[in-house]
Amino acid sequence: MAVPTSIPTFGTDGVRGRVGDELTPVVAEALGRAAAEFLPGSRFVIGSDTRESGPLLQEALTRGLRSVGADVADLGVVPTPAVAWVAADGSVPAAMISASHNPFHDNGIKLFAAGGLKLREELEARIQTRYVEVASELARTRAGESSTSTDLRFDRRASPEVEGWADAIVASVDDQALAGLTIVVDCANGAAYGVAPEIFRRLGANVTAIGVSPDGTNINDGVGSTAPQTLADAVVAAGADAGLAFDGDADRLIAVDGAGRVVDGDRVLGLLATDWATTERLRDNTVVVTVMTNLGFHRAMAEAGIKVISTAVGDRHVLAALDDHQLSLGGEQSGHVICRDLATTGDGILAGVQLLDVVARRAEPLAILAERIMTTVPQLLRNVTLAARNPDAAALLAPHVTAVEERFGDDGRVVVRPSGTEPLLRVMVEHIDQATAEAACAELVDHASRLLGPGS
């Protein structure tokens, strides 16, 4: 039995790591056992993306779940939001085997509580403690054993059970709402390859699909939301009105306008927020974003009279704020968009439908709508390598951050945060003047390197 070189901990979105090193059958089985203990229910549903490691990890996860009495159902290859929808519809806990936008050699396991909600931090911490205990025990007792073979009974096709999710997306807008639009859909050779193009066709769009030939190793490889140039080229070549790119598990969306320009999560949220405000769908006239959302978005929403709540990075924090304040829309610059009245998690396909519905109803090109919604403030992102993971790293840099922010006033801002998974400090600087932003970012990176770097 393969054992992990180290036991991966929960990051911003489940447990993730390189398959065979950090993420092994031992890890998956231990996580399954811990999840079943803390996420009770007579049934547990599992989905996966197209990575070749999916069946092996699913077999181990299922073994762990069943070891404490869970009845496990296989949903096949389906998007993460489809798994969450089934969990919500049946009030059962669930897991998704995916490393999202990462390359194929990584994989991960995301957990959902009964009702399709991502875990709150306190529950995740309890599962984490138990899972590490079980993984350590299994690693000791099974060292040297041969690896368990893959159970080929797992169905790599989507289960009919997820058809209700697709029907709900189609029903979220008017019948044939996208008729007349020509679009390109990029499924990243991932979990949406079989279902996403059909959803848009059902709504009347003329669809060209790319990234729909998964082979187990080509997920996110030069396609999808992390490589939008492929989509941009296809949109321009086809003379399409717009393009939609999803990541490997289709919980995030990056759009492209007819000119091939990227429309990121900030602009998608801005378009939906302003449109929903006019139709009274935007509850309390408020949208939820993370600290990484561009300053230009905040300025645009203030001008539109829309309130903004900011959270820590991670769509689960956005969801928590949405539920705590009973709001309807939130998301991240990276493309997670949560339409809370329609879903329990980020759903790239649903977000794409909602975005194109705005385009169709406004009868204006996405290029014009996206350009008009906001002016992006220059934003710089830098990573500083630390001597070791240090949750207090940002606090140590705080005096320098304060000095920069005092100079900036209302014309810029700084966000410094430690990575949740790597020994890195992430430095983000925004300012209306590019040169000022670059100088301040270099200054903070220099301070961080001297104070916290490997040679400090």
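The values are calculated or read from the model by the stated rules, or taken from the named source; none is laboratory data. Keep in mind that this is a model prediction, so the values were computed, not measured. Quick reminder, even Gly has a Cβ in these numbers, built from the backbone with ideal geometry, and neighbours come from all protein chains shown. When the accessible area is computed, the model is the full protein with side chains, heavy atoms only, and any ligands, DNA or RNA have been set aside. Shrake-Rupley method; radii C 1.70, N 1.55, O 1.52, S 1.80 Å.
Here are the numbers for the structure shown:
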read-out	value
Estimated dipole of the chain in Debye, rounded to 20 [Cβ of Lys and Arg +1, of Asp and Glu -1, Cα centre]	620 debye
Estimated [θ] at 222 nm from DSSP helical runs (n ≥ 4, -39500 (n - 2.57)) normalised by residues in the chain, nearest 500	-12000 deg cm²/dmol
Listed residue (68, 81, 102) projecting farthest to the positive dipole end of the chain, Cβ model	68
Principal axis box of segment 175-326, alpha-carbon based, largest edge first, Å	42, 34, 27
Cβ-based charge dipole, segment 3-68, positive-most Cα from 54, 23, 44	44
Antiparallel DSSP beta bridges within the chain, percent to nearest 5	60 percent
Length gained when the stretch residue 238-residue 375 is fully extended (0.36 nm per residue, less Cα-Cα span)	46.5 nm
Two-decimal Rg to Rh for the chain - Kirkwood Rh, Cα set	0.97
Stokes-Einstein D (µm²/s) once Rh is taken as the Kirkwood radius of segment 196-235 over alpha-carbon pairs, at 20 °C in 1.002 mPa s	190 µm²/s
Segment 334-377: radius of gyration over Cα atoms, expressed as a fraction of 2.2 N^0.38 Å	1.29
Virtual spin-label span in nm between residue 405 and residue 302, 7 Å along Cα→Cβ	1.5 nm
Accessible area in square angstrom per residue, segment 187-272, 1.4 angstrom probe	30 Å²
Segment 379-456: trypsin sites (Lys or Arg not before Pro) falling in loop per DSSP and having at most 15 other Cβ within 10 Å	389
Selected from 429, 390, 376, residue furthest toward positive end of dipole (the chain; charges at beta carbon)	390
Accessible surface of segment 266-346, 1.4 Å probe, proportion on carbon and sulfur as whole %	47 percent
